[in-house]
1. Nearest 20 debye, what's the magnitude of the dipole of region 249-317 about its Cα centre given +1 on Lys and Arg Cβ and -1 on Asp and Glu Cβ?
2. Which Cα, out of Met230, Val289, Gly99, lies furthest along the positive dipole direction of the chain (beta carbon charges, K/R +1, D/E -1)?
3. Want the number for Thr199 to Gln282: 0.36 nm per residue separation, take away the alpha-carbon distance, what's left?
4. From zero outward in steps of 5 Å, how is the percent of C-alpha pairs of region 123-220 spread across the bins?
5. By how many nm would the segment from Ala161 to Ala50 grow when fully extended, if each residue of separation counts as 0.36 nm and the alpha-carbon distance is taken off?
6. Measure nothing but the geometry: give the 0 to 90° angle between the long axis through the Cα atoms of 73-85 and the longest principal axis through the Cα atoms of the chain, rounded to 10°.
7. For the chain, what does the helix formula give at 222 nm: sum of -39500 (n - 2.57) over DSSP H segments with n ≥ 4, over the residue count, nearest 500 deg cm²/dmol?
8. Counting only C-alpha contacts under 8 Å and six or more residues apart, can you give the relative contact order of the chain as a whole percent?
Amino acid sequence: MRIFQVDAFTSTRFGGNPATVVLDADGLSDAVMASVAREFSHAEVAFVAAATAPDHDLRVRFFNARKEAPFVGHATLAAHAVLLALGRRGPGVVRQASGTGVIEVQATAAVATAAVATAALATASGADSPLIEFRQTAPELSNPLPLKTTLRVAEALRLPATSLDEMMPARIARKGSSRLLVPVGNARALEGLAPNFDTLLELGVELGTEGFFVFAVNGAKRAAAGAQGMTTESRMFCPALGINEDPASGNAHVMLASYLVEMGQIGMQQTGFLGLQGRHMQRPSQIHVRLERDRSTLVAAHIGGHAVLVSEGTLSA
């Protein structure tokens, strides 16, 4: 089996969110896939296999060191970056079947062909790599968290109460998994976070959420957003999933898009924003968020990013 290490949601090696990709995984047992994931426990592993029905073009299953996940955004980007680099898919839309159903994964630029794939692994910086996007429908947003509970969360994050955003409340979003969105008034507040993970675990059970997504709007230079005109900066803590901090969270940015639209932070003419994450882990990430609306209602968000192939090897079965 061919196996690749890929950094997703970045154009620079050793940034973004790492993932492992195993090609031609047809016929592998669940036990083998779980064993491979435990061997490469630093990253989620995407196993790519052939289609089994006419409604999709390929299948991808996702495992981490603990369990199988129905869908993983950054590992999806990683898998398609490998397929593009090897000429096994081209620009445009490919239908991917995973645990959450069939989704469309779009690549928007030409890439290296299979003939130069090895050279691409050795030399590509990712700057010319395609933007790879997948679509997710809008999540469900809970009512605002009571202030007393929000202050308990802030204490567990070592976040001063004065750093909380004065206008936007903390709210839980649910889309397959769940995250508590905690807005802060300024991105500088993200610098000093030092979570007590035991307390976050207890709060997660109490509140029914698997993670804590702390974010600031326009927390970075506007110039970084280009035509999108708006950036966010965030940190994500998911001890319940065995991830103390995540450098890039595609699913959480779908939730964030829904939250910002509902709170009136995104104007009707705005088509999306750029999410910055991972800087505090020395793995800076950029998550492109493109909005799909029906008048004032968010229908879905298209989550996109670049990915960089880091290494390739052969995995003995």
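1. Values: 5 positive and 4 negative charges, 31 e Å.
Here the size comes out at about 140 debye.
2. It is Met230.
3. Numbers: separation 83, 0.36 × 83 = 29.88 nm, distance 2.50 nm.
Taking Thr199 through Gln282 to full extension adds about 27.4 nm, to one decimal.
4. The distribution over region 123-220 is 3, 12, 21, 20, 17, 10, 8, 6, 3, 1, 0, given as percents.
5. On the way: separation 111, 0.36 × 111 = 39.96 nm, distance 5.11 nm.
Between Ala161 and Ala50, full extension yields 34.9 nm more.
6. With both axes taken from Cα atoms, the answer is about 30 degrees.
7. -6000 deg cm²/dmol
8. Working: 753 pairs, mean separation 66.2, N = 317.
Over the chain, the number comes to 21 percent.
The values are calculated or read from the model by the stated rules, or taken from the named source; none is laboratory data. Remember, it's a predicted structure, so these values are computed and weren't measured experimentally. Cβ: placed from backbone, ideal geometry, glycine included. Neighbour counts: every protein chain shown. Just so you know, the surface numbers come from the protein's heavy atoms only, side chains and all, with ligands and any DNA or RNA stripped out. Shrake-Rupley method; radii C 1.70, N 1.55, O 1.52, S 1.80 Å.
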